[in-house]
Structures are given as C-alpha cells and as structure tokens.
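**Q** Quick one: this structure, given as structure tokens, is what I'll be asking you about.
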Amino acid sequence: MELPQLIATDLDGTFLDPHGKYDRNRFDRLLGALDAQGSRFVIATGDPLDHVHDLFGDLAHADQLTYVVEDGALIVTGTGRVLRMAEIPADLSRFAIQWIQTAPEMAENFLIACGAQRAYTTLAADSQRFAASRAFYPSLTSVSDLRAVPEPILKLDLTWLRTDVQAQVAAFNRQFAGQLLGTSSGLGGLNVTLPTVNKGAAIRLLQQEWQIPVAQTAAFGDSGNDLAMLQTVGQGIAMANAAPEVLAAIPRHTAQTNATSAVLDQLEAWLTA
C-alpha cells in the first residue's frame, strides 16, 4: 500500500500506550524515513502545545512534526510557526463557564480553561486532581475565577469520574447549538471549541496548505473528537480500543490496541511496502 503524504494521529488511546509512553527511538527513526520519502507527520490532540513539546520536542527530527493541539484550535509547525489560532469570544467563553459550573446536567465536572499560553482551573494547586491534570497540562494554573483568566480561551476541557458522558455532551450541545460544540474525548472527557474547530478542519487546512490530495492522507484515532479527522482523510483508521461510535462510523479498524504500538507498526509497513 502506498505511503500517504500526510499522516495524522491522535495521542491518548491511539499513539501513546496506556502509560502515556511511546518508543522514542523507533518513532524518531521512522520520522527521518518519512521525511526522506516526502511524507509529513501530524500530532492531532486535545492536549496543549506545552504537553506535546514535552513528549516530542527533544527528538532529533522534531522539526518535521506539525502539532494540531487543543482539538484543532491551535496549529503550529515543529519550527514554531503558527498556522491557525481560533479563540472563543470572551463573552461566550465566560457565559459557557458560568453555565457549566451551575447547570444540574453538568454537575461534578472538573473544568479547565485552555489558553494559548497556559491552562487554568479552580482546583486547589495542592489537590490530587490538580497534580493529575498537570500530567496533561504542564502550565496548569489555579485561579479563583475562570471567567477572569488573563488570555483568550481556545478550548474548555471537562472531565467526570465516569466513562459515559454522552448525556453531558448532548446537554451542552442543546444549550450552545450554533455557538459552541462539545465532543467526547474519551475517558469521561468533553472538549468544547467553536463549531468550526475540530481535528478534521485542521487536517483540511493542512491538506490545502501543503497541496496534498485527500486520497494521499491518513489518520489514526479512537475517540469522538477524532471522528471528523478520520472522516476527512483518505484512510481513516480506528484503533481496536476505539469508542463504539468510532468503530461504527469508520470502516477500517486495526486489529491492535494502543498498547501494542499499532501506529508505529503501520508506519513501518507503509515504509517497507
């Protein structure tokens, strides 16, 4: 099978193993081989830019990566060039935060407001949940009022201590229809962005930016916030551990989970075909 010219992957539940790790030496070698073949690699995640820099920034071939972060609200090349930044209007983000914090349908959530530079929460800085969240948001900052953060908000990140949040996703999207869009991010998570912001829209922008035909693009994913991306590329590949709605919507599945380096194995297969 021909090597795609653009390959994108989600991180958690897809590229990273259940411990949040990956084979760094193998991936770095494959990045060099992809670049030699003229193929571009994209990290597409709901995580922030500082987290992906921590994961990939010191690779020898890190400059060859492109980062689609905050579910597509921010697109940055490996050399630091910003290709897109989509901010939620301040009045709308403040109203959404207030509704999330008070609506009975959204009770018991942990809320993070994601800016371009930092992420913010009302969790106490010495709490266990704050420490756990910093694994994904290295710049997480505790504030008293999320409606008063000092920079534009790109995304809202909600998490519950349950796995099924479809009712919360539906409630949010009823309330903010046409203004904001909530999508499931797996593991009891809900990501909120502008309706025109998602991983699929980001990949379309990169297809146009690099003049790569849709048929020459591929992507890997496992969660609801990956669906738009998987449906935008020529080869959308769902992980064996993907959410039921992803497995139902995407015809092609791997036989492997994220615990078995499925993405790296497919890269190797493409490069050696």
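**Q** Assigned to a helix (DSSP H, G or I) and open to solvent by less than 20 Å² (accessible area, probe 1.4 Å) - does that describe any residue in region 75-89?
**A** no
**Q** From (1) modelled with pLDDT under 95; (2) more than 27 Å from Tyr67 (Cβ to Cβ); (3) surrounded by 15 or more Cβ atoms within 10 Å (Cβ to Cβ), pick out the condition that doesn't hold for Ala116.
**A** (2)
**Q** From the list Gln216, Gln231, Gln211, exactly one residue is within 20 Å of Asp71 (Cβ to Cβ) and open to solvent by 30 Å² or more (accessible area, probe 1.4 Å). Which is it?
**A** Gln231
**Q** Quick check on region 25-57: of everything there that is in a helix (DSSP H, G or I), among the small types (Gly, Ala, Ser) and in contact (Cβ under 8 Å) with a residue 12 or more places away in the chain, which residue is surrounded by the most Cβ atoms within 10 Å (Cβ to Cβ)?
**A** The extreme case among them is Ala33.
**Q** Could you check region 166-188 and list, in sequence order, the residues that are surrounded by fewer than 22 Cβ atoms within 10 Å (Cβ to Cβ) and farther than 19 Å from Leu92 by Cα?
**A** Hits for region 166-188 are Gln166, Ala167, Leu187, Gly188.
**Q** Here is a follow-up. Taking Ala60 as the residue in question, decide whether it is open to solvent by 40 Å² or more (accessible area, probe 1.4 Å), in contact with a helix residue (DSSP H, G or I) (Cβ under 7 Å, 6 or more places away or on another chain) and small (Gly, Ala, Ser).
**A** yes
**Q** Also, quick follow-up: Take the residues in region 234-255 that are within 16 Å of the chain's Cα centre (by Cα) and part of a loop (DSSP other than H, G, I, E, B), then tell me which one is surrounded by the fewest Cβ atoms within 10 Å (Cβ to Cβ).
**A** Ala243
**Q** Something else about it: Exactly one of these conditions fails for Ala107: (1) without any contact (Cβ under 8 Å) to a residue 40 or more places away in the chain; (2) open to solvent by 80 Å² or more (accessible area, probe 1.4 Å); (3) of a type in the set (A, V, I, L, M, F, W, C). Give me its number.
**A** Answer for Ala107: the failing condition is (2).
**Q** Let me ask you something else. Filter region 231-250 down to the residues that are touching a residue at least 12 places away in the same chain (Cβ under 8 Å) and not hydrophobic (A, V, I, L, M, F, W, C), then identify the one that is farthest from Gln207 (Cα to Cα).
**A** Among residues in region 231-250 that are touching a residue at least 12 places away in the same chain (Cβ under 8 Å) and not hydrophobic (A, V, I, L, M, F, W, C), the one farthest from Gln207 (Cα to Cα) is Asn241.
The values are calculated or read from the model by the stated rules, or taken from the named source; none is laboratory data. These numbers were taken from a predicted model, which means no experiment stands behind them. Using ideal geometry, Cβ is built from the backbone for each residue, glycine included, and neighbour counts are taken over all protein chains shown. Side chains included, ligands, DNA and RNA excluded: accessible areas come from the protein's heavy atoms. Shrake-Rupley method; radii C 1.70, N 1.55, O 1.52, S 1.80 Å.
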